[in-house]
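A.B. asks: Handing you this structure, nothing more for now.
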Amino acid sequence: METEEKVKRGSGNVFADLGCPESEIHLLKAELVTRIDRIIRHQKLKQVEAAKLLGLSQSDVSRLLRGDFRDYSVERLLRLLTVLGRDVEIILREPCSHRQGRLSIGAS
């Protein structure tokens, strides 16, 4: 018996696609954690070294980098980025259309 699989194009936000409340915040946090992970890898820091630098335990760093960031606020993740030597700039701008505003990050 063959089953027909349907593929649905995602919205670009897996949290919204799964019906999570505050999906934009979850996506923003995931993107920030991805940046934190890239910086730690680029600096070739071991989790113990990153933990000491960030003021976290090694197990907290491990959980964070595995995607368990529910208990972290956006503000706290932004502070971790500054500790890792990144400047954080928040820019507010008018939307291009009459749609609701959105949250996003970029890097230079």
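A.B. asks: Does the range 41-62 hold any residues that are within 17 Å of residue 30 (Cα to Cα) and surrounded by 16 or more Cβ atoms within 10 Å (Cβ to Cβ), and which are they?
C.D. replies: First, pick out the residues of the range 41-62 that are within 17 Å of residue 30 (Cα to Cα): 41, 60-62.
Across the range 41-62, the qualifying residues are 60, 61.
A.B. asks: Another question, then. Of everything in the range 75-108 that's in contact with a helix residue (DSSP H, G or I) (Cβ under 6 Å, 6 or more places away or on another chain) and at pLDDT 90 or above, which residue is nearest to residue 12 (Cα to Cα)?
C.D. replies: 77
A.B. asks: Turning to a different aspect of this structure: Output the residues belonging to the range 17-29 that are surrounded by fewer than 16 Cβ atoms within 10 Å (Cβ to Cβ) and in a helix (DSSP H, G or I). Before you say what the answer is, go through the steps one by one.
C.D. replies: Of all residues in the range 17-29, those surrounded by fewer than 16 Cβ atoms within 10 Å (Cβ to Cβ) come to 17-22, 25.
Hits for the range 17-29 are 17, 25.
A.B. asks: Still on this model: Would you confirm whether any residue within the range 30-48 is touching a residue at least 40 places away in the same chain (Cβ under 8 Å), under 27 Å from residue 8 (Cα atoms), part of a loop (DSSP other than H, G, I, E, B) and of a type in the set (A, V, I, L, M)?
C.D. replies: Within the range 30-48, not a single residue is touching a residue at least 40 places away in the same chain (Cβ under 8 Å), under 27 Å from residue 8 (Cα atoms), part of a loop (DSSP other than H, G, I, E, B) and of a type in the set (A, V, I, L, M).
The values are calculated or read from the model by the stated rules, or taken from the named source; none is laboratory data. Please read all numbers here as calculations on a predicted model, not as lab measurements. Positions of Cβ are backbone-derived with ideal geometry, glycine not excepted, and every protein chain shown enters the neighbour counts.
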